[in-house]
Amino acid sequence: MVLHLIGIGLCGEKDLSVRALECVRAADVVYVEGYTSVLQVGVEELERFYGRMVKVLGREAVESGLDDLLEQARQQEVALLVVGDCFGATTHAVILAEARRKGVQVRVLHGASILTAVGVTGLELYKFGKVTSIPFRTEGVGTPYEVLASNHAAGLHTLMLLDLDPGSGRFLSVGEAARYLLEAELRFGRGVVSPDSEVVGCARLGCPDQVVRYAPLRSLAVAEFGAPPYCLIVPGRLHFVEEEVLALYRG
């Protein structure tokens with residue numbers, strides 16, 4: 001039997017590949033991991049389109065209950081669905097490694113990821129530096145700013161993923177992230193950003209109602225982006241084509 005790790009894309013129930021859909025419909029058990037990102041549709045929509053019952057697994061069920069999940073995959077065809085790509089979070093790499101270590105066969109089917117969807121901004125993907133995250137609690141937190149400073153020094157773009165807790169309905173907003181950067185600049189003073197620095201705020205990338213705005217930090221600090229998930233991008237050194245595409249999102 002096999003554990004199928006399946007990336008289902010960034011938006012709705014129809015975003016997974018045809019091959020992945022065939023795999024889901026043929027599986028004995030179907031789970032969706034519900035804590036590293038947020039589903040843009042309800043589980044009912046997944047079940048209706050897939051024609052299968054889908055059970056949501058929280059962090060404890062996936063991480064603490066991994067042995068049980070792998071044991072089940074020894075006996076049945078188990079599909080574990082992941083929003084975005086199945087390796088968008090360290091958790092899923094751990095699942096693969098542990099399954100291989102225990103001799104459980106794993107099949108991987110990739111999906112669209114935030115790491116490539118940011119290309120819609122016009123920023124060249126190979127010019128992105130280290131990705132970082134901004135947590136809910138930022139008091140005394142310097143890592144996101146330090147990553148930004150390092151990327152900035154190399155002329156690279158910085159993708160900042162914003163903290164989320166779908167179980168409790170909490171999502172760090174673009175405005176909160178922008179305010180963190182302004183506060184971090186005051187605290188650490190590396191000259192990386194200013195209130196007039198133009199950055200990119202994004203919401204629901206990959207969905208029909210996605211939002212992309214290119215504006216000064218001071219503007220994004222008070223902007224509304226609608227429903228989550230969100231990310232913030234601080235551009236590095238820009239090529240003229242990147243500038244032209246970014247200008248389409250200015251405002």
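Per residue of the chain, the DSSP helices (runs of n ≥ 4 H) give a summed -39500 (n - 2.57) that works out to -9500 deg cm²/dmol at 222 nm. Rounded to the nearest whole Hz, the Karplus-based 3J(HN,Hα) values (6.51 cos²θ - 1.76 cosθ + 1.60, θ = phi - 60°) of the range 226-239 follow the sequence x, 6, x, x, 10, 8, 10, 10, 9, x, x, 6, 9, 7, with x at glycine and proline.
Placing dummy labels 7 Å off each Cα toward the beta-carbon, the span from R59 to Q76 is 2.6 nm. Computed extension length for T116-V222: 35.5 nm, one decimal, from 0.36 nm per residue of separation with the Cα-Cα distance subtracted.
Projecting label points 7 angstrom from Cα along Cα→Cβ for A154 and T90 puts them 1.9 nm apart. The phi-based Karplus calculation (6.51 cos²θ - 1.76 cosθ + 1.60; θ = phi - 60°) puts the 3J(HN,Hα) values of the range 79-91 at 9, 10, 8, 10, 5, x, 9, 6, 10, x, 9, 4, 3 Hz, whole numbers, x for Gly and Pro. Would you grab the residues whose amide H sits under 5 Å from the one on L57? Only those 5+ places off in sequence or on another chain, please, with H modelled 1.01 Å from N. Distant-sequence amide H within range of L57: V32, E33, G34. Shown for D163, D68: other C-beta atoms within 10 Å of each C-beta, ranked fewest to most, produce the order D68, D163.
The DSSP beta bridges internal to the chain are antiparallel in roughly 45% of cases. Note on the range 19-35 and the range 205-241: Cα centroid distance 32 Å, given to the nearest whole angstrom. Relative contact order for the chain: 21 percent, from Cα pairs under 8 Å spaced at least 6 residues apart, divided by residue count.
Calculated FRET efficiency, A26 and R190, Cβ-Cβ r, R0 45 Å, to nearest 0.05? Efficiency computed from Cβ-Cβ geometry: 0.30. Helix 143-153 and the longest principal axis of the Cα set of the chain meet at an angle near 60°. For the range 14-21, backbone phi angles converted through the Karplus equation (6.51, -1.76, 1.60; θ = phi - 60°) give residue-by-residue couplings of 9, 8, 6, 6, 4, 4, 5, 4 Hz, Gly and Pro being listed as x.
Seen through its C-alpha gyration tensor, with square-root eigenvalues sorted a ≥ b ≥ c, the chain comes out prolate because a/c lies at 1.5 or above while a/b is bigger than b/c. For G58, neighbours were defined as the other residues whose beta-carbon sits under 15 Å from its Cβ, and their charges (Lys and Arg +1, Asp and Glu -1) total -2.
Each reported figure results from applying straightforward, stated rules to the coordinates on display, with no laboratory input. Please read these numbers as outputs of a predicted model, since none were measured by experiment. Don't worry about glycine lacking a Cβ; one is built from the backbone with ideal geometry, like all the others, and counts go over all protein chains shown.
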